[in-house]
Amino acid sequence: MKHLLKLADLSREEILSVLNLADQLKYERKHGVFKEYLKGKKLGMIFQKSSTRTRVSFEVGMYELGGNALFLSNRDLQIGRGEPVEDTARVLSRYLDAIMIRTFAQQEVEDLAKYGSIPVINGLTDYCHPCQVLADLMTIRERKGAFKGLKMCFVGDGNNMANSLMVGAVRTGMSFSIACPKGYEPDKDLMAWAKENGSFTLTRSAEEAAADADVVYTDVWASMGQEDEKAKREKAFAGYQVNAAVMASAKPDAMVLHCLPAHRGEEITAEVFEAHADEIFEEAENRLHAQKAVLCKVMK
């Protein structure tokens, strides 16, 4: 595993290998064991989009693994003033052992990997969010024991989360259903891939998508950079809230996940959120363990 650019690049075996290592690292941390697997290693963290969980989990993760993390915003790098990404990649490759980037365009992540000579980790793009979905898969396996035979349902915008969740579900043997308004579907190529390689359903009904689901997932209606579309999106997604009616369609022991931040009263009711808060915040914690595993994998 050289990079983590998108989840579709990883085989089922590679995903499970990351999850197994994440479980081990979580166990060690819970028992006060901190092994310096990455002693002396340096991670550059490029943030063109702000973050809570991504920054803290990667920074803490590198510290716990014995390495160092450098926070690099647009104000800190010439890339924010027009330096070509290929030049940035070649320069940073001479200083660092790996790069994590949280940005807008997927192509920027791909170019960093193409022109650099060190591992690149996608901390989020508008296209996908592989780090989050690895933590989601880790949480599902902790709670459900296995993936095969489970149904994951996503309600809301067919955004980067939907794209990556679809890949993660199909890769691990889960069926995947999504309910979203017309015009807000996930990536067409990924939907075609999911249909060919697993069980995939697209519907306009949240209750229909959630029928007999083991996992119900949602995300904000307006993601970062879409603030000017807030009113339009609130209208479009009015019928796509994870609420008591939707949960009544799912299995009685269905778990609820949310990548956070959550807007209670919009994509999810406060009642459902609080009823499943333990799962959601375990999911948030697992960002740390899953990303530590990714760091170990790409930096050997």
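Just so it is clear, none of the values below were taken in a lab; they were calculated from the coordinates. Bear in mind that the values here come from a model prediction, so they are computed numbers and not experimental data. For neighbour counting, all protein chains shown are included, and Cβ atoms are generated from backbone atoms with ideal geometry for every residue, glycine included.
Results, tabulated for the structure shown:
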quantity	calculated
Residue exposure sequence - THR88, THR203, THR172, THR52 - by fewest surrounding Cβ within 10 Å	THR52, THR203, THR172, THR88
Top positive-direction residue, dipole computed over the range 132-284 with Cβ charges, set THR201, ALA275, CYS259	THR201
Mean ellipticity per residue at 222 nm, deg cm²/dmol - from DSSP H runs of n ≥ 4 across the chain, formula -39500 (n - 2.57)	-13500 deg cm²/dmol
Cα gyration tensor category, rounded, prolate or oblate, for the range 36-90 with a/c compared to 1.5	oblate
Sorted by Cβ neighbour density within 10 Å, fewest at the top, the residues ASP87, ASP228	ASP228, ASP87
12 Å beta-carbon shell around VAL33, net charge (K/R +1, D/E -1)	+1
Under the Karplus curve 6.51 cos²θ - 1.76 cosθ + 1.60, θ = phi - 60°, whole-Hz ³J(HN,Hα) for the range 116-127, x wherever Gly or Pro sits	x, 10, 10, x, 10, 10, 7, x, 2, 9, 5, 8
Amide hydrogen neighbours beyond the local backbone of VAL242, cut-off 5 Å, H modeled	ILE268, THR269
Principal-axis tilt of helix 160-171 within the chain, Cα atoms, nearest 10 degrees	80 degrees
Amide hydrogen neighbours beyond the local backbone of ALA98, cut-off 5 Å, H modeled	LYS42, GLY44
Ranked by how many other beta carbons lie within 10 Å on average, peptides 160-167, 213-220, 10-17, 255-262 from highest	160-167, 213-220, 255-262, 10-17
Contact order normalised by residue count of the range 176-299, Cα under 8 Å, 6+ apart, percent	25 percent
Förster radius 41 Å - calculated FRET efficiency between HIS31 and HIS263, Cβ distance, rounded to 0.05	0.65
Cα shape, the range 1-42, gyration tensor, a/c 1.5 rule	oblate
Shape call, the range 152-249: gyration tensor on alpha carbons, a/c limit 1.5	oblate
Table column - 3J(HN,Hα) (Hz), the range 280-294, Karplus curve with 6.51, -1.76, 1.60, x for Gly and Pro	5, 7, 5, 4, 5, 4, 5, 4, 4, 5, 5, 6, 4, 5, 4
Cα-centre dipole for the range 178-300 with unit charges at Cβ (Lys and Arg positive, Asp and Glu negative), debye to 20	460 debye
ASN20 paired with LYS39, simple spin-label distance in nm, labels 7 Å along Cα-to-beta-carbon	2.6 nm
Fewest-first ranking of ILE79, ILE46, using other Cβ atoms within 10 Å as the exposure measure	ILE79, ILE46
Dipole moment magnitude, nearest 20 debye, the chain about Cα centre, only Lys, Arg, Asp, Glu C-beta charged	840 debye
Net length gained if the chain between ASN197 and GLU13 were fully extended (0.36 nm per residue, minus Cα distance)	64.7 nm
GluC sites (Glu not before Pro) within the range 164-248: DSSP coil, no more than 12 neighbouring Cβ in 10 Å	none
Farthest toward positive dipole pole in the range 132-284 [+1 Lys/Arg, -1 Asp/Glu at C-beta], among MET138, GLY173, PHE237	GLY173
Mean separation of Cα contacts under 8 Å, 6 or more apart, over the residue count of the chain: relative contact order %	21 percent
